[in-house]
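Following: one structure in structure tokens, then a few remarks.
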Amino acid sequence: MDDHAHVVSWLSRGQLFSRLQPAELAVLAPEFQRVDLASPRELFHQGDPGDAIFLVVSGRLEVLVSRDDREFVVRELFAGALIGEMAVITGERRSATIRAARDTILLRLGTDGFARLVASNPALMMEICKVIVSRQDSEQTPLAETPGMAIAAIRVGQSTELSESRWAAL
């Protein structure tokens, strides 16, 4: 299978592009470039210019937001996720840093290709808007600040005292 056939196959599996006909996907395929991102490399950093959108083919990414000189993981992204569309649509800088939590394969579509895509498929812009709106609320609260439960495993029969620093590390 050649590169364009792989791209068509990957696009057809994603929710966003699944409504397009195979012939339309074949026309789009040359616009996309494969990007291999090894963990823990960054795809882009908060504040970078938005020059492309990305579709996650496989792997796992973390979305990080900097606030008050601290960086928070606000979301994890998996296969099928769309990344970077807000900066491309608005012309604003990237609103978050994207880092590979696992080795990840993505498809990159530059701004010119994105403009051609939405011009030829206006209904696709509505689908992209739905993605943006559904994501907005989840990115407002860092995962580290969401309610959860702490669990510690201590070997039975071992008398290990937990100092304040070791306890805090758990």
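Each reported figure results from applying straightforward, stated rules to the coordinates on display, with no laboratory input. The structure presented is a predicted model; accordingly, all values stated were derived computationally and were not measured. With ideal geometry, Cβ positions are generated from the backbone for all residues, glycine too; neighbour counts draw on all protein chains shown.
Starting from the coordinates of the alpha-carbon atoms of the stretch 1-48, obtain the Kirkwood hydrodynamic radius over all distinct pairs and give the value in Å to one decimal.
It is 12.3 Å.
How fast does the stretch 1-142 diffuse by Stokes-Einstein, in µm²/s, taking the Kirkwood radius from C-alpha pairs at 4 °C and 1.567 mPa s? Let's see the in-between values first.
On the way: Rh = 15.4 Å.
It comes out at roughly 84 µm²/s.
Out of residues 5 or more away from PHE44 or on other chains, whose amide H comes under 5 Å of its own, with H placed 1.01 Å from N in the peptide plane?
ILE98
Sorting check: for 101-108, 88-95, which peptide has the highest mean count of neighbouring beta carbons within 10 Å, and how do the rest follow?
101-108, 88-95
Which chymotrypsin sites (Phe, Trp or Tyr not before Pro) from the stretch 49-143 combine a DSSP loop assignment with at most 14 other Cβ atoms within 10 Å?
Here the chymotrypsin sites (Phe, Trp or Tyr not before Pro) that fit, given the DSSP loop and packing criteria, are PHE78.
Starting at the first residue of the stretch 91-105, write each ³J(HN,Hα) from the Karplus equation 6.51 cos²θ - 1.76 cosθ + 1.60 with θ = phi - 60°, in whole Hz, x for Gly and Pro.
Values per residue, Gly and Pro as x: x, 7, 6, 4, 8, 7, 9, 10, 10, 6, 8, 9, 4, 9, 10 Hz.
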